[in-house]
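Before any comments, here is the structure.
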Amino acid sequence: MSPFALFAVLLPLLLLGVVSIDVTSTVSGVGITKGDTGARPASPFVDGGKEFIGGEIRAWNGKTVDVTSPIIDETTGARTVIGKIADMTGDDALKALEHAMRAWDNGRGAWPQLSGWERIEIVKKIQAEIKQRRSEIINVLIWEICKSVEDATSEFDRTMEFIDASIDAYTATLQGSSGGVWKTVNGIMASIRKAAIGIMLCLGPFNYPFNETYATLIPALLTGNVVIMKIPAIGCLAHVLTMEAYAKHLPKGVINFVSGSGRVTVSPLMKTGKIDILAFIGGSRAADAIIKDHPNPHRLKVFLQLEGKNLGVVLPDADLDVAVEQVTIGSTTFNGQRCTAIKLVMVHKSIIEPFLAKIKSKFKTLKHGMPWDDGTLTHPLTHSLTHSLTHTLPLCRT
């Protein structure tokens, strides 16, 4: 027998038997009422019934889809409608590609031809515009994906900090290349200069729709690339609120928003072979399917952040109270809906029983509620599938 006992901590709420959470629902038999909550922010309504393609924001005349929150509207008994989004087709996505190709123009477009210093100043102006909508974007993150007030605020603020850090890093690169600074890289003397590659298809995730999308978007823009952003179906409204900033400051077609089903819109884009860079954050199966659609995958530049099954290891000499605390935080923050969340825990067989007893007791004390509740760690789940998984899968122990 292995010296370790392996068991899966099915996250986030398996030990609690959670089926669903809403404003008046029950969690492990404990009702959530308004009296238990903190200051409830007003539910937003963001009109995403528009398109942002070719540098212009236009009213959308096609089909739209309601964007709903996992939080139940007490007056209707249904999910709260917090906006709508354009349900684009493959043809609409190809229209965005046409504008992106004009903006790129084989590297001769207005944006790639600007100096790096000029692009930095424009990105700073965009950042300043987005900062003015900070409270709106944070509120949308709270309602659309039920991220806590603290986490939603952190996501926005960390994104702004990332933009600053990206600008600083690119500035250092520009200073080095213009000043003729040489460095040793893997034993080779080199002067490193960042250059644009072409058209990037950017697909962000639902759980960090703002921060993770910008982790690829901003470096791409700074270095002179053109972007088609496939905004996530869940977590889309935060991006709708940024359209005006990009339309105001970027040359036409440098960034184009595509919304709707990824299955419908992404494949036609990839099959053209005109996408030069794929930035995708999501599952490995989806990534494989997207790359396979490209007729020349060998020349496609790929940046992937895929799912993780992070492992926690508890050794015999561990302080069990500390271990339980860290496993709990690592597994239940944002309901465990993070690629970096702890999915499995290996515990030495000599301490398995006391560890199990402590973690079960810890889970029973967790406070559940709305994203604006003080001291809550788990909130309504974004996907109904997640509800069923956390309800039905057993705790494994070997």
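The values are calculated or read from the model by the stated rules, or taken from the named source; none is laboratory data. In this text the structure is predicted, and so the values were computed from the model without any measurement. Glycine gets a Cβ as well: all are built from the backbone with ideal geometry, and neighbour counts include every protein chain shown.
One residue alone among I275, I281 is over 28 Å from A59 (Cα atoms) and in contact (Cβ under 8 Å) with a residue 12 or more places away in the chain, and that residue is I281.
For the condition among the β-branched types (V, I, T) and under 18 Å from I281 (Cβ atoms), I218 qualifies.
Going by the conditions given, is E144 buried (at least 22 other Cβ atoms within 10 Å of the Cβ) and of a type in the set (D, E, K, R)? So E144 passes the test.
Of the set (1) within 22 Å of V258 (Cα to Cα); (2) in a helix (DSSP H, G or I); (3) touching a residue at least 12 places away in the same chain (Cβ under 8 Å), all apply to I82 but (2). For the stretch 333-355, a residue qualifies if it is more than 22 Å from G282 (Cβ to Cβ) and buried (at least 18 other Cβ atoms within 10 Å of the Cβ), and the qualifying residues are V345, V347, I351, F355. Looking at the stretch 128-141, which of the residues that are without any contact (Cβ under 8 Å) to a residue 60 or more places away in the chain and closer than 21 Å to I255 by Cβ is surrounded by the fewest Cβ atoms within 10 Å (Cβ to Cβ)? Checking each candidate, the answer is Q132. Inspection of the stretch 223-231 finds a residue satisfying the criterion of being in contact with a Ser or Thr (Cβ under 8 Å, 6 or more places away or on another chain) and not β-branched (V, I, T). F334 meets the conditions (1) modelled with pLDDT under 85; (2) at negative phi in every case but one. The failed one is (2).
If I ask for residues that are among the small types (G, A, S) and either in contact with an Asp or Glu (Cβ under 8 Å, 6 or more places away or on another chain) or surrounded by fewer than 24 Cβ atoms within 10 Å (Cβ to Cβ) (or both), which ones from the stretch 221-263 would you list? Spell out the reasoning first.
Of the residues in the stretch 221-263, the ones among the small types (G, A, S) are 224, 233, 235, 238, 245, 247, 253, 259-262.
Of everything in the stretch 221-263, those that are among the small types (G, A, S) and either in contact with an Asp or Glu (Cβ under 8 Å, 6 or more places away or on another chain) or surrounded by fewer than 24 Cβ atoms within 10 Å (Cβ to Cβ) (or both) turn out to be G224, A233, G235, A238, A245, A247, S259, G260, S261, G262.
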